[in-house]
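The values are calculated or read from the model by the stated rules, or taken from the named source; none is laboratory data. Nothing here was measured: the structure is a model prediction, and the numbers come from that model. Every residue, glycine as well, gets a Cβ built from its backbone with ideal geometry; the counts of neighbours run over all protein chains shown. To get the accessible areas, we keep the full protein, side chains included, count just its heavy atoms, and leave off ligands, DNA and RNA. Shrake-Rupley method; radii C 1.70, N 1.55, O 1.52, S 1.80 Å.
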Amino acid sequence: MTSIELTKLINQQMNREFYSAYLYLKFASALEQLKLPGSAHWMEKQAKEEVLHGLQFYSFLVRQEAEVILEPINAPEEIPEDCVIKIFAAALRHEKYITRQLNDLTALAAGEHNFCAMSFLSKMLDQQVADEFSVHTISERLILSDNKRGALLFIDSELAKR
Ligand SMILES: [Fe+2]
């Protein structure tokens with residue numbers, strides 16, 4: 001049995017995941033404008049991943065017979081659009097924010113001794129840690145490139161392989 005409070009917060013997290021998909025599409029479109037198709041492709045793939053995360057929260061709610069609350073998904077926030085390094089830095093900030101939210105959600109489930117929710121959330125957290133690390137790694141490589149065209153194009157072709 002999922003409490004009213006936990007149900008509300010899991011629904012909010014589901015909304016955040018769908019919002020993340022929207023935000024990643026915004027990163028992708030900015031990178032298309034910068035003529036970095038590999039980086040744009042990576043972001044588009046991540047947008048699809050975020051939709052899947054949203055659906056995982058949805059399925060959990062359904063399986064728990066908890067209420068599904070489909071709130072509007074906000075338009076993506078303003079992002080830096082003129083530089084790939086800044087775009088990945090913005091993605092990393094967002095992932096860190098999502099990790100904090102998931103952590104708080106897991107703490108609430110633990111406080112309620114809701115082991116079903118904790119088990120689900122811990123899988124989502126594992127996935128989240130991996131996602132944050134991927135963005136972190138790309139971000140660091142981009143910073144190392146020091147905005148040199150050759151290095152940026154090499155990283156872009158690597159990101160096209162995702
Ligand atoms: Fe996610």
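Would a scan of segment 69-85 turn up a residue that is at pLDDT 95 or above and crowded, with 20+ Cβ neighbours inside 10 Å?
So far as segment 69-85 goes, yes, one or more of its residues are at pLDDT 95 or above and crowded, with 20+ Cβ neighbours inside 10 Å.
Taking the condition within 16 Å of the ligand (Cβ to nearest atom) and closer than 30 Å to Gly150 by Cβ, does Leu125 pass?
Spelling it out, it is not the case that Leu125 is within 16 Å of the ligand (Cβ to nearest atom) and closer than 30 Å to Gly150 by Cβ.
Among the residues of segment 128-152, which ones are in contact (Cβ under 8 Å) with a residue 12 or more places away in the chain, in a helix (DSSP H, G or I) and open to solvent by 60 Å² or more (accessible area, probe 1.4 Å)?
The answer is Val129, His136, Arg141, Ile143.
Of the conditions (1) under 23 Å from Lys26 (Cα atoms); (2) within 16 Å of the ligand (Cβ to nearest atom), Thr106 clears all except one; give me its number.
With respect to (1) under 23 Å from Lys26 (Cα atoms); (2) within 16 Å of the ligand (Cβ to nearest atom), Thr106 is out only on (1).
Being aliphatic (A, V, I, L, M) and under 15 Å from the mean Cα position of the chain (by Cα) is the filter; apply it to segment 11-39 and report the residue that is most open to solvent (accessible area, probe 1.4 Å).
Leu25
Find the residue count for segment 86-109, including only residues that are under 30 Å from Thr2 (Cβ atoms), in contact (Cβ under 8 Å) with a residue 60 or more places away in the chain and open to solvent by less than 30 Å² (accessible area, probe 1.4 Å).
5
Only one of Met1, Met14 is not hydroxyl-bearing (Ser, Thr, Tyr) and not in a helix (DSSP H, G or I); which?
Residue meeting the stated conditions: Met1.
When residues of segment 11-65 are filtered for being among the small types (Gly, Ala, Ser), within 16 Å of the ligand (Cβ to nearest atom) and closer than 19 Å to Asp156 by Cβ, how many remain? So that I can check it myself, show each step before the final result.
If we filter segment 11-65 for residues that are among the small types (Gly, Ala, Ser), which is where we start, we get 20-21, 28-30, 38-40, 47, 54, 59.
Retained after the next criterion (residues that are within 16 Å of the ligand (Cβ to nearest atom)): 20-21, 28, 47, 54, 59.
Still in the list and also closer than 19 Å to Asp156 by Cβ: 28, 47.
The total comes to 2.
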